[in-house]
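First up is the structure itself, then whatever we jot down about it.
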Amino acid sequence: MQKKLQKYIGFAFAAKKLVFGTDLVLASIRRRQARLVLLAADVSHRTAKQVLDKSSFYGVDAIPVDCTMEELARAVGKEAPVAAVAVTDKEFAAAIRQSLK
């Protein structure tokens, strides 16, 4: 994972503008709170399809990132693997999109 991306994810988490875990990410997409969804590279096919389909239906960008679930968990300070995170702030989402280019 890029250091810049990891830093932005950490900042968004500290500012409470980040939701993680598949169920909470899907709920934030349904409530139209998610501005950007990031998926770990090693998520299961079922989880990826579920998140990508829901994101597509609600018009939320869902981007697979080049990191494992463990790396994504470390970025938010957790030990359990994290399959997906949803950024709920448009400025953080824009900064993360920019860092992925």
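The values are calculated or read from the model by the stated rules, or taken from the named source; none is laboratory data. Keep in mind it's a predicted model, so treat the numbers as computed, not measured. A quick note on method: Cβ atoms are made from the backbone with ideal geometry, for glycine too, and the neighbour counts reach across all protein chains shown.
If only one of S44, S55 is surrounded by fewer than 17 Cβ atoms within 10 Å (Cβ to Cβ), over 11 Å from the mean Cα position of the chain (by Cα) and of a type in the set (S, T, N, Q), which one is it?
When all the criteria are applied, what remains is S44.
Mind listing just one residue for me: the one in the range 58-80 that is among the charged types (D, E, K, R) and closer than 15 Å to F20 by Cβ and, of those, surrounded by the fewest Cβ atoms within 10 Å (Cβ to Cβ)?
In this case the residue turns out to be E79.
Given (1) more than 19 Å from R97 (Cα to Cα); (2) in contact with a Phe, Trp or Tyr (Cβ under 7 Å, 6 or more places away or on another chain), where does R46 come up short, assuming only one miss?
(2)
I'm checking my understanding of the structure. Among residues of the range 81-94 that are crowded, with 19+ Cβ neighbours inside 10 Å and not β-branched (V, I, T), which one is farthest from K7 (Cα to Cα)?
A83
Can you name the residue in the range 81-101 that is within 19 Å of K17 (Cβ to Cβ) and among the basic types (K, R) and is also modelled with the highest pLDDT among such residues?
Going through the qualifying residues, I end up with K90.
Is it the case, given these coordinates, that A14 is touching a strand residue (DSSP E or B) at 6+ places or on another chain (Cβ under 7 Å) and surrounded by fewer than 22 Cβ atoms within 10 Å (Cβ to Cβ)?
When the stated conditions are applied, A14 does not pass them.
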